Amino acid sequence: MADPDPIALPEHRPAIDPDRLLADLRTLRSFGATGAGVVRPSLSEVDLAARGWLRDRMTEAGLEATIDGVGNVIGRSPNPGPALLIGSHSDTQPTGGWLDGAYGVICGLEVARALLADPATAHLAVDAVAWVDEEATFVGCLGSRSYCGLLEDGEMADARDNTGRTLTEALTAAGLGGIGQRIVPGRYLGYLEIHIEQGASLERDGNQLGIVTSIVGSRNQSVTFTGEQNHAGTTTMELRRDAGRAMVTFAAALDEIFRPLAGPATVWTIGRMTLYPGASSIIPGRADLHLQYRDPEFERLVAMEEAVAGLADQVAGTSGVGVTVEPASRPMNPMAMDPDLRTHLSAAAEATAPGRWVSMPSAAIHDAMFLAQVIPAAMLFVPSIGGISHDFAEDTDDDDLTLGCQALITATHSTLAGAGR
């Protein structure tokens, strides 16, 4: 995807308060702090406390802040639109890092209040948001999808966490009604989200900022192998219908079928393999494998789906074991970021980090891909130290955190000024 044509930035450059940004980031970190990381799953007691604090900070910043019926914290500017919506998610993985999502939430707050405090930009409208459950404690990207009207019928009612607790029970215990706010038609020019890269490419190449061109699509599939359970000592090899051996054959062949199809951003992962009944003296009668693959191009994902189906047929035919492939979750198709918003982000990146930024796809899923289905959306990345994320060791240099937020406010001002605000 080509870089957008350069534009001239407004002469006035609003500035963030770096100390305030970092102080708020560290305060949010304290909610669920566990060693160097954070444990703050959606709708837990500590998550709800963090959401209350965020609502109060948004109110102090001059925004009209509320927590909606699914747990989103939304701070609306008192100014009329057209507005920009800026934020990310504040929940974490079961053992998460302190910046994943949280950085984008605090940057949205900082941009909104810095613009309101600057007499030259106090008339601009920026709404800040902290989405709920991006990390899929109950429903992946629950908050952003609810806000955009993209939840499927029954999805919330059927959702449970890994303890068996239902989403309905969690919302009721939190005093939330389960009906989220919906996006206000006509208010927004677009949505901006800043995030740590969660990969190593920015740090490796000496870049400080990444302008996201697109967010990868993904497929999650459950592959089930159905054979015949039998005695491991008395059943000769030619009589076996070994589900475990068929699963291993399938797994070993994935590289062979995927590599000819792969592009530079294609990845695939076998995250779980299970044998039943799982005893050393029993030939497995069933085996399950969970497969995920991601790519920024829809056509390549389709080709990979077809290759998986073909491999399943091949293994079934040679092993005498039944092989079925079913979706483990709904398909997520790649989503391109808005070229006009990318233009403003690119200009801001060059002004903030001259020659040290790059356009790149996002290999991770973000709330922005759902906002992009209803309004223009774009993303900005800052480096992750060592490329580490979804781990307590996740970190980013303070200078990169503040530089990223400064680039974000510059692009926000440019976008709103270009719209005549």
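The values are calculated or read from the model by the stated rules, or taken from the named source; none is laboratory data. Since we're looking at a predicted model, the values are computed, not measured. Please note: Cβ atoms are built from the backbone with ideal geometry, for glycine as well, and neighbour counts cover all protein chains shown. Just the protein is used for accessible areas: all its heavy atoms, side chains included, with ligands, DNA and RNA removed. Shrake-Rupley method; radii C 1.70, N 1.55, O 1.52, S 1.80 Å.
What the table shows:
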{"item": "Any chance T137 is in contact with a Leu (Cβ under 6 Å, 6 or more places away or on another chain), buried (at least 20 other Cβ atoms within 10 Å of the Cβ), of a type in the set (V, I, T) and part of a loop (DSSP other than H, G, I, E, B)", "result": "no"}
{"item": "Count of segment 69-111 residues which are β-branched (V, I, T), within 17 Å of the chain's Cα centre (by Cα) and part of a loop (DSSP other than H, G, I, E, B)", "result": "2"}
{"item": "Residue within segment 1-22 that is hydrophobic (A, V, I, L, M, F, W, C), open to solvent by 50 Å² or more (accessible area, probe 1.4 Å), assigned to a loop (DSSP other than H, G, I, E, B) and farther than 24 Å from T402 by Cα present", "result": "yes"}
{"item": "Within segment 218-276, considering residues that are basic (K, R) and within 25 Å of A364 (Cβ to Cβ), the one most open to solvent (accessible area, probe 1.4 Å)", "result": "R259"}
{"item": "Hey, A157 surrounded by 14 or more Cβ atoms within 10 Å (Cβ to Cβ), of a type in the set (A, V, I, L, M) and closer than 19 Å to D68 by Cβ or not", "result": "no"}
{"item": "Hits in segment 354-394 - residues which are among the charged types (D, E, K, R) and open to solvent by 60 Å² or more (accessible area, probe 1.4 Å)", "result": "R356, D391"}
{"item": "Of all residues in segment 145-161 being in a loop (DSSP other than H, G, I, E, B) and without any contact (Cβ under 8 Å) to a residue 24 or more places away in the chain, the one that is nearest to Q373 (Cα to Cα)", "result": "L151"}
{"item": "Filtered residue count, segment 320-338, keeping only those that are part of a loop (DSSP other than H, G, I, E, B), crowded, with 18+ Cβ neighbours inside 10 Å and more than 23 Å from the chain's Cα centre (by Cα)", "result": "1"}
{"item": "Count of residues meeting criterion [farther than 10 Å from M379 by Cα and either more than 21 Å from the chain's Cα centre (by Cα) or not in a loop (DSSP other than H, G, I, E, B) (or both)] in segment 185-197", "result": "7"}
{"item": "Tally of residues being surrounded by fewer than 20 Cβ atoms within 10 Å (Cβ to Cβ) and of a type in the set (A, V, I, L, M) across segment 278-307", "result": "5"}
{"item": "Hits in segment 281-302 - residues which are assigned to a strand (DSSP E or B) and β-branched (V, I, T)", "result": "I282, I283"}
{"item": "Number of positions in segment 73-110 that are hydroxyl-bearing (S, T, Y), modelled with pLDDT of 95 or more and either out of contact with any strand residue (DSSP E or B) (no Cβ under 7 Å at 6 or more places or on another chain) or open to solvent by 10 Å² or more (accessible area, probe 1.4 Å) (or both)", "result": "0"}
{"item": "Qualifying positions in segment 341-357 - outside any loop (DSSP other than H, G, I, E, B) and in contact with a helix residue (DSSP H, G or I) (Cβ under 7 Å, 6 or more places away or on another chain)", "result": "L341, H344, L345, A347, A348, A349, A351, T352, W357"}
{"item": "Residue identified as of a type outside the set (S, T, Y), on the phi > 0 side of the Ramachandran plot and open to solvent by 20 Å² or more (accessible area, probe 1.4 Å) among G310, G420, G317", "result": "G420"}
{"item": "Qualifying residue in segment 113-132 (condition: within 22 Å of the chain's Cα centre (by Cα), assigned to a loop (DSSP other than H, G, I, E, B) and touching a residue at least 40 places away in the same chain (Cβ under 8 Å))", "result": "yes"}
{"item": "Residues located in segment 131-153, provided they are at pLDDT 95 or above, over 22 Å from G52 (Cβ atoms) and of a type in the set (G, A, S)", "result": "G149"}
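Residue by residue, here is whether (1) outside any loop (DSSP other than H, G, I, E, B); (2) more than 21 Å from the chain's Cα centre (by Cα); (3) farther than 26 Å from E135 by Cβ holds:
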site	(1), (2), (3)
A378	yes, no, no
F381	yes, no, no
G386	yes, no, no
D391	no, no, no
T396	no, no, no
D399	yes, yes, yes
C405	yes, no, no
I409	yes, yes, yes
S414	yes, yes, yes
